[in-house]
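Report on the following structure.
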Amino acid sequence: MKRALITGITGQDGSYLADFLLQKGYKVYGMVRRASTEKYERIAHAKDKITLLQGDLLDQLSLVNAVKEADPDEVYNLAAMSFVPTSWTQPVLTGEFTGLGVTRMLEAIRLVNKNIRFYQASSSEMFGKVRQSPQNENTPFHPRSPYGVAKAYGHFITVNYRESYKLFATSGILFNHESPRRGMEFVTRKITHAAASIKLKLAKELRLGNTDARRDWGYAGDYVQAMWLMLQQDKPEDYVIGTGKMHSVKNVIDVAFKHLGLDPKRYVKVDKRLFRPAEVDMLCADYTKARDKLGWEPRVTFEELIRMMVDADMERLQ
Ligand code: NAP
Ligand code: F7E
């Protein structure tokens, strides 16, 4: 039985990855940080099958102990401060969690067992003000937020530990991926939840920032399979994961509201206070390498994804 340790198991991706690995027959360990109330909603359905270990990306010894106790074949480092706007209000903490936290995880692996395979959750936010479109593994980075900068550090330290210590360390450069388990503050979920609330007369309007921003949005359930595939290869490499299709925030609004028979013009307002100090205008993945080497393809389309999220929010609110 293979063993995996997932950091960030209480997050969107951690919960889908846990489901995926359990179904593959893995023994799954999840690292959680201490809180005065437990936030295990996303893994509640699988909690009996997962072993939770306490640890924090800020605390080196807790990471060493978690790796020792799980004794894993694979570590998936998904934990991070992942909300871009908060990275401007808490830039130092973001650097600690999202950047230096990666080094601490890599150090824990190096000390405990150098044969552990390591996955780092890198991000398309590293491309930021894009130099070419679509973006692939060789596109230069130009991050536009403290989050993007911290992720670029996490990416390069992963590459460096691979080159310095011959660790099986991979960096998955994932484009935006969403699901009914997406955090409420991210734009897709904010829109699908608001559309459902308006339909059920629980809300009257939706305030958004820059609705012209364009992203390559895919389904989180598809993307966790790519993380696993990267660790099953003969050689550790970096891969871009996305759909290759770009849509605007306006497109998300249209699909979500129209799915419920609502006219978005009546409800959606642009609020300048929600604009970012520096914006990433557009992102689009060239995932040719993942398709050719991993045999990976996204399955859920943009329209299916947004409708799935609206349906889930309707059900939850009803
Ligand atoms: P998420 O839902 O925000 O989950 C983040 C997880 O990190 C949570 O489990 C959180 O725990 C944990 N965490 C935060 N700070 C921590 C710390 N100091 N110590 C230990 N755990 C900590 O994020 P996600 O969408 O699943 O994304 C997973 C990873 O992929 C993140 O690294 C994110 O930056 C990256 N990524 C995401 C996307 C995307 O579109 N979703 C795209 C590219 C890359 P609590 O529950 O205790 O807060
Ligand atoms: O914003 C615009 C906003 O917060 C998408 C994270 O998972 O993906 C995510 O980062 C776009 C931006 O995601 C609102 O300005 C307009 O252009 O959903 P988001 P993100 O910033 O792209 C990357 C790949 C990650 O790695 C991150 O961890 O939508 N937008 N109005 C808005 N965004 C939000 N959140 N709220 C609005 O009201």
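With the condition kept exactly as written, say whether any residue in region 9-31 is open to solvent by 70 Å² or more (accessible area, probe 1.4 Å) and acidic (Asp, Glu).
Taking region 9-31 and keeping what is open to solvent by 70 Å² or more (accessible area, probe 1.4 Å), we get 23-24.
Next, from what is left, pick out any that are acidic (Asp, Glu): none.
Scanning region 9-31, I find no residue that is open to solvent by 70 Å² or more (accessible area, probe 1.4 Å) and acidic (Asp, Glu), so the answer is no.
Take Ala256 and tell me if it is over 19 Å from the mean Cα position of the chain (by Cα), among the hydrophobic types (A, V, I, L, M, F, W, C) and surrounded by 21 or more Cβ atoms within 10 Å (Cβ to Cβ).
Numbers: over 19 Å from the mean Cα position of the chain (by Cα): yes; among the hydrophobic types (A, V, I, L, M, F, W, C): yes; surrounded by 21 or more Cβ atoms within 10 Å (Cβ to Cβ): yes.
Here the answer is yes, as Ala256 does meet what is asked.
Just give me the residues in region 85-99 being more than 9 Å from ligand 1 (Cβ to nearest atom) and touching a helix residue (DSSP H, G or I) at 6+ places or on another chain (Cβ under 9 Å), in sequence order. Break it down stepwise before answering.
First, pick out the residues of region 85-99 that are more than 9 Å from ligand 1 (Cβ to nearest atom): 85-92, 94-95, 99.
Answer for region 85-99, where residues must be more than 9 Å from ligand 1 (Cβ to nearest atom) and touching a helix residue (DSSP H, G or I) at 6+ places or on another chain (Cβ under 9 Å): Pro85, Thr86, Ser87, Trp88, Gln90, Pro91, Val92, Thr94, Gly95, Gly99.
From Asp263, Asp212, Asp271, Asp286, grab the single residue that is under 30 Å from Glu74 (Cβ atoms) and at pLDDT 95 or above. Reasoning before the result, please.
Details: Asp263 fails: under 30 Å from Glu74 (Cβ atoms); Asp212 fails: under 30 Å from Glu74 (Cβ atoms); Asp271 fails: under 30 Å from Glu74 (Cβ atoms).
Just one listed residue meets the conditions, Asp286.
Among Ser145, Ser124, which is the only one that is in contact with a helix residue (DSSP H, G or I) (Cβ under 8 Å, 6 or more places away or on another chain) and among the polar types (S, T, N, Q)? Spell out the reasoning first.
Values: Ser124 fails: in contact with a helix residue (DSSP H, G or I) (Cβ under 8 Å, 6 or more places away or on another chain).
Criteria check complete, one pass: Ser145.
So in region 32-50, with the set limited to residues that are within 11 Å of ligand 1 (Cβ to nearest atom) and part of a helix (DSSP H, G or I), which one is least open to solvent (accessible area, probe 1.4 Å)?
Quick first cut of region 32-50, residues within 11 Å of ligand 1 (Cβ to nearest atom) only: 32-35, 37-43.
Checking which are part of a helix (DSSP H, G or I) leaves us with 41-43.
Details: Glu41: 153, Arg42: 69, Ile43: 2 Å².
The selected residue is Ile43.
Looking at (1) open to solvent by 30 Å² or more (accessible area, probe 1.4 Å); (2) touching a helix residue (DSSP H, G or I) at 6+ places or on another chain (Cβ under 6 Å), which is the only condition Asp311 fails?
(2)
Sort through Ala152, Ala121 and tell me the only one that's within 15 Å of the chain's Cα centre (by Cα) and surrounded by fewer than 24 Cβ atoms within 10 Å (Cβ to Cβ).
When all the criteria are applied, what remains is Ala152.
Return the pair list, or none, for Cβ contacts closer than 6 Å from residues in region 210-226 that are on the phi > 0 side of the Ramachandran plot to residues that are assigned to a helix (DSSP H, G or I), at least 6 apart or on different chains.
From residues that are on the phi > 0 side of the Ramachandran plot, there are no pairs.
Just need a number here: residues in region 155-177 that are touching a Pro at 6+ places or on another chain (Cβ under 6 Å) and open to solvent by 20 Å² or more (accessible area, probe 1.4 Å).
If we filter region 155-177 for residues that are touching a Pro at 6+ places or on another chain (Cβ under 6 Å), which is where we start, we get 162, 168-170.
The next check asks that each one be open to solvent by 20 Å² or more (accessible area, probe 1.4 Å); those that pass are 162, 168.
Selection size over region 155-177: 2.
The values are calculated or read from the model by the stated rules, or taken from the named source; none is laboratory data. These numbers come from a predicted model, not from an experiment. Note: ideal-geometry Cβ built from the backbone for every residue, glycine included; neighbour counts use all protein chains shown. Quick note on the areas: whole protein, heavy atoms, side chains included, nothing else; ligands and nucleic acids left out. Shrake-Rupley method; radii C 1.70, N 1.55, O 1.52, S 1.80 Å.
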